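Here is the structure we will look at, set down as structure tokens.
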Amino acid sequence: MRRLRVVILLVLAAVGLSPAPPAQAGGWAVTLLDPLPEEFEADRAYTVGYWVLQHGSHPFEGELGKTGLRIVGPDKVLEFEGAALPEAAHYAVAIAVPAGTWRVYAMQGWFAEFEVGTLTVPGGLALKPSEMAVHVGAHGDGGEPPHWGAVRPPSGIADGHDGKVQPAGEQAPAAAPEIRNTAATPQPRPPVPAPLLVLGGIAALLAAGLATRPLWRRLRG
């Protein structure tokens, strides 16, 4: 019995002292483009301005890393690295794209890439609707001084990155809530944490040992 207690204490210590798995790095960003030419010609150089906004509202605090545009065709990938402009979160990149249909992605440093849309050359850029809403306010989230002056990202709320910008203060009408019938659908049970599984196994061992102890005494006597 004493040895069993020692084993239990060691298991509990291991569970309590084992490092917790690191939390996944959170955060997301969107890229907003400055006004573009109405038409792109093949192999002609254009300078594109863009804003990389963390949470769709403010500059990233720290070293963001490489930004720019990655343009993907059926059998070719073009990468154009941008350069920082004086304004916070503002960049510019020079591109020259051959004729064809291309998917355009924004490289956002250590943030995941943001799909901008589809570029047709010759032709224009069709922006892809996004699930990430953009809210660019005059001040930071905590009421700190403004991030930008006269040169700044589009103000207001751009829902879905589709170019339809609503004035600040006006909210898009809320969508009707989706009604789901969950009566006949069994809900999955939440996973049992590993420490509880260990403690459950120890409890089962203790119960088995206590139940067989009288029988063991009778056999010995």
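Read-outs throughout are calculated quantities, based only on the coordinates presented, and are distinct from any laboratory measurement. Being a predicted model, the structure only gives us computed values, none of them experimental. Cβ atoms come from the backbone with ideal geometry, glycine included; neighbour counts cover every protein chain shown.
Packing-wise, with mean Cβ within 10 Å as the measure, how do 64-74, 33-43, 87-97, 123-133 rank, highest first? Could you put the intermediate results ahead of the total?
On the way: 64-74: 16.9, 33-43: 13.1, 87-97: 18.5, 123-133: 15.2.
Sorting 64-74, 33-43, 87-97, 123-133 by mean packing, highest first, produces 87-97, 64-74, 123-133, 33-43.
What full-extension length gain, to one decimal in nm, is calculated for Glu38 and Glu131 as 0.36 nm per residue of separation minus the Cα-Cα distance? Don't skip to the end; give the middle numbers.
Numbers: separation 93, 0.36 × 93 = 33.48 nm, distance 2.52 nm.
That pair, Glu38 and Glu131, stretches by 31.0 nm at full extension.
Using +1 on the beta carbon of Lys and Arg, -1 on that of Asp and Glu, and nothing else charged, what's the dipole of region 29-155 about the Cα centre, debye to 20?
Rounded to the nearest 20 debye, it is 160 debye.
I'd like the Karplus ³J(HN,Hα) series for region 43-49: coefficients 6.51, -1.76, 1.60, θ = phi - 60°, whole numbers in Hz, and an x wherever there's a Gly or Pro.
6, 9, 7, 9, 9, 10, x
Could you list which residues have their amide H under 5 Å from that of His55, counting only those 5 or more apart in sequence or on another chain, with H placed in the peptide plane?
When sequence neighbours closer than 5 places are left aside, the close amide H contacts are Trp28, Ala29, Val30.
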